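**Student:** Got a structure for you, questions after.
A short reminder: the numbers here are calculations on the coordinates, not readings from a lab. None of these values were measured; they are calculated from a predicted model. Here Cβ is always computed from backbone atoms with ideal geometry, including for glycine, and neighbour counts include all displayed protein chains.
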Amino acid sequence: MKKSPFLFATALASVLFAAPLALPVNAQDKKEAVKPPDPPSKVVLGSWNDIGRKLIAMAEDFPEDKYDMKPTPAQRSFAEQLLHAAGANYYFTNPATGSSAKVDENPSREKYKSKADVVAYVKKSFADGAAAIQAKGDKGLNDLVVDPWVHQQVRLIDWAYEFIEHSGEHYGQLVVYYRLAGLVPPESRPKK
């Protein structure tokens, strides 16, 4: 009877120590050289394009007859959410390209009346930002611009991440619009 706990502990230890041997082989086990990190401009461009892809997919997918839907009267409509996210991107894009054009972070629904108009504007906004990131490259993304809200210098790359995050917030809000409309957002659907 006294040997049972000892045997159990021995069996458990042998299973625990043998478990790592059964794991799949990874790059380190193959003695491959560790890959260097991607350049900062590639990383920020990937993040910019990823949130852009998600918002564009929503803009293209959501039914046009629900574009003016609001969860509550005080909130923006679905279309206004997209227009705001796209318009605010120009707070990054304009300084990155040297443009002094005034940013309209809340483009009028009157200007973008149809679903096609809104989709085109969202696509253009993200394409313009992506082009600016590519044009700046690693070195140029370290250029300084002034954050107008806190009157402080920021690096362009940090500024880009601010607007990636901003678009991500609006993506999350738009998911709620989908659910309230009884729809499943494109990103939440099973992959084919």
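**Student:** Separation of segment 123-174 and segment 31-75 by C-alpha centroid, Å?
**Tutor:** Each part's Cα centre sits 13 Å from the other's.
**Student:** Once you list every other residue whose beta carbon is under 14 Å from the beta carbon of ARG155, what net charge do they have if Lys and Arg are +1 and Asp and Glu are -1?
**Tutor:** Details: positive: LYS136, LYS139; negative: ASP138, ASP143, ASP147, ASP158, GLU162.
Net local charge, ARG155 excluded: -3.
**Student:** While we're looking at this one, here's another question. Using r as the Cβ-Cβ distance of MET69 and LYS191, and R0 as 22 Å, what FRET efficiency do you calculate, to the nearest 0.05?
**Tutor:** On the way: r = 27 Å, r/R0 = 1.22.
According to the calculation, E is roughly 0.25.
**Student:** In segment 156-173, which residues have a backbone nitrogen under 12 Å from the label point lying 7 Å from ARG109's Cα in the Cα-to-Cβ direction?
**Tutor:** none
**Student:** Starting from the eigenvalues of the Cα gyration tensor, five times each then square-rooted, give me the equivalent ellipsoid semi-axes of segment 41-183, largest first, whole Å.
**Tutor:** Working: eigenvalues 153, 44, 36 Å².
Those come to 28, 15, 13 Å.
**Student:** Here's a follow-up. Quick one: net charge of GLY46's neighbours, Cβ under 11 Å, K/R +1, D/E -1?
**Tutor:** Numbers: positive: LYS42, ARG53; negative: ASP38, ASP50.
Result for the local shell: 0.
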